[in-house]
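Following: one structure in structure tokens, then a few remarks.
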Amino acid sequence: FGIVDFLSTAPWFVQQAVTALGWVDANSDAAMIFRIFRIFRMLQLEDFITAFSKLDNVFRASKDVMKATGLLALIIWVGCGALFYLFEENNPNFRTCDPSVPEETCYSFESTAECDMEFPGLCSQDAFTSVPNALYYTAVFLGGEWGVIDFT
């Protein structure tokens with residue numbers, strides 16, 4: 001095991017010697033290769049082999065439960081996203097209009113399409129414009145980050 005420790009720390013000594021002799025600048029790309037080799041010392045992958053095999057055993061033992069949980073999560077996500085799209089599609093709170101359109105007029109229309117017919121190209125819906133857009137917001141809500149998004 002002594003040779004493994006030596007080989008994992010040798011790049012540091014080589015880098016110090018090369019920069020001291022002036023062959024390589026300490027901040028150059030050539031010196032970075034020595035820093036990359038030093039990462040192997042931190043990783044020490046031989047210590048983690050048993051841990052990875054245990055994780056694999058746990059995954060194999062519970063893969064049916066994980067599949068069922070994933071399917072249920074997918075059903076909830078797509079179902080809630082579809083409902084968000086249906087109920088919030090024409091919500092005026094997510095509508096923006098050009099400054100030339102009076103604000104009270106912009107929000108008085110039943111849908112963004114009606115606003116756009118009255119003022120062509122000046123009205124647009126920002127959120128819940130499509131099912132993928134609604135799925136994005138649903139994922140944010142289900143992930144618990146709803147407080148971070150302020151779109152109303």
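Taken together, the values in this text are just the output of simple stated rules run on the coordinates, not laboratory data. Owing to the predicted nature of the structure, the values given are computational and were not obtained by experimental measurement. Reconstructed Cβ throughout: ideal geometry from the backbone, glycine too, with neighbour counts over all protein chains shown.
In the neighborhood of Gly81, defined by Cβ-to-Cβ distances under 14 Å, what is the net charge if each Lys or Arg adds +1 and each Asp or Glu adds -1? Please report the intermediate quantities before stating the final value.
Numbers: positive: none; negative: Glu88, Glu89.
So the surrounding residues net to -2.
Just the ratio, please: alpha-carbon radius of gyration of region 67-142 over 2.2 N^0.38 Å, N its number of residues.
Expressed relative to 2.2 N^0.38 Å, the Cα Rg reads 1.35.
Taking R0 as 41 Å, what's the FRET efficiency between Trp12 and Ser111 from their Cβ-Cβ distance, rounded to 0.05? Don't jump to the answer; show the numbers that get you there.
Working: r = 66 Å, r/R0 = 1.61.
That pair, Trp12 with Ser111, gives E of 0.05.
Each label point is 7 Å from the Cα along the Cα-to-Cβ direction; what then is the distance between the points at Phe59 and Leu71, in nm?
Those two pseudo-labels are separated by 2.1 nm.
For a Förster distance of 35 Å, can you work out the FRET efficiency between the beta-carbons of Ser100 and Thr129, rounded to the nearest 0.05?
Numbers: r = 22 Å, r/R0 = 0.63.
Here the calculated transfer efficiency is 0.95.
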